[in-house]
Structure formats: structure tokens, C-alpha cells
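Data block below; observations after.
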Amino acid sequence: MNTIQADRKAQKELMKRYTKWFTVWFAILLVGAFIVPMYKAVFLGLFIGGVGSLIILHMQNRSVIRMYDVIEHGRRPKSHGTVSRMAVGALAVIVGLLYEDRVSVIAVVTGLIAGHIIQFGEFTLAQLSRKRGEY
């Protein structure tokens, strides 16, 4: 297996770990929305923003995988990244604005940051486990 294929496989494994973290995050948000009805709008806003963040993360992953293909086959890269990711974020905020009576818009915007927080957490855990020789 060459280096590019190994990197592609590592990227797919990393995306699986991110998706697991998001699953836990969504479960916590949904349980919180039902247990604490007073903050239901906040939890639902975080959930909508988190879904948008997960979609953006998948788009970034697809872009990285495409870049591996470009490097491996020497083709010209296609770019539809930034505008598409911004559109997903804008769509999440628009949904929050449409249902402003049931969803906190500030929570939607905060939820869009969830992907970055999860990436940072996974990176930190990987560095700590690498120091211990587990990674």
C-alpha cells in the first residue's frame, strides 16, 4: 500500500471517529431537550447547528479525499468547497430564523462550531495517546 492510500485510509478512519463523537453529542442534546424543557430551544438550536457542522465536516472530508485522488492520478483539482460550506452554515441559520419561536439562533450559530470542537478534542486525545504509545 502506498503512502497516498494509507493517508486516504487514515482520513476515513478519522471521519468515523468524528461521526462517533457527533452521535454522542446529538444524543446528549436530544436527551437534554427532553429532560430540561425550559432550555428546549437552546438544545434544538445546538442540534440544528451540529447537523450543519457535521455536513460541513463531511464536505471537508470529501474534499481531502478528492485531493488524494488528484495527487495520485495527476488530474486537475475541482474546487467547490468554501461557498458550499458557507451555504450550509447560512442554511442552518435561516432555519433557525424561520423557527425563531422554537429554536435559539445563537445556539444554532454555536452549534456550527461543534465540528471544530470535536476536531480539537480528537486531536488532543490522539496526541495524549501517542505520548503513551497507544496511537
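We did not get these values from a lab; they are worked out from the coordinates using the rules stated. Just so we're clear, the structure is a prediction, and the values are computed from it rather than from any experiment. Backbone-built Cβ (ideal geometry, glycine too); neighbour counts: all protein chains shown.
As a rough footprinting exposure proxy, the listed residues His116, His73, His58 were ranked by other beta carbons within 10 Å of their own, and the order from fewest upward is His73, His116, His58. Taking label positions 7 Å along the Cα-Cβ direction at both Lys131 and His58, the computed distance is 3.5 nm, reported to one decimal. Across the chain, the relative contact order, built from alpha-carbon pairs under 8 Å that are at least six residues apart, equals 33 percent. Sorted fewest first by neighbouring Cβ atoms within 10 angstrom, Phe26, Phe123 come out as Phe123, Phe26.
Pull out the extension gain between Leu14 and Asp69, defined as 0.36 nm times the separation in residues minus the alpha carbon to alpha carbon distance; nm, one decimal. My answer for the length gained is 18.0 nm. Across region 21-32, rounded Karplus estimates of 3J(HN,Hα) from the backbone phi angles (6.51 cos²θ - 1.76 cosθ + 1.60, θ = phi - 60°) give 4, 5, 4, 5, 4, 5, 4, 4, 5, 5, 5, x Hz, Gly and Pro being marked x.
Taking label positions 7 Å along the Cα-Cβ direction at both Glu100 and Thr3, the computed distance is 5.3 nm, reported to one decimal. Kirkwood hydrodynamic radius computed over the chain comes to 16.4 Å, based on all pairs of distinct alpha carbons. Placing unit charges on the Cβ atoms of the charged side chains and taking the dipole of region 3-130 about its Cα centre, the candidate lying farthest along the positive direction among Leu98, Val42, Leu14 is Leu14.
Between region 75-135 and region 6-60, the alpha-carbon centres lie 9 Å apart.
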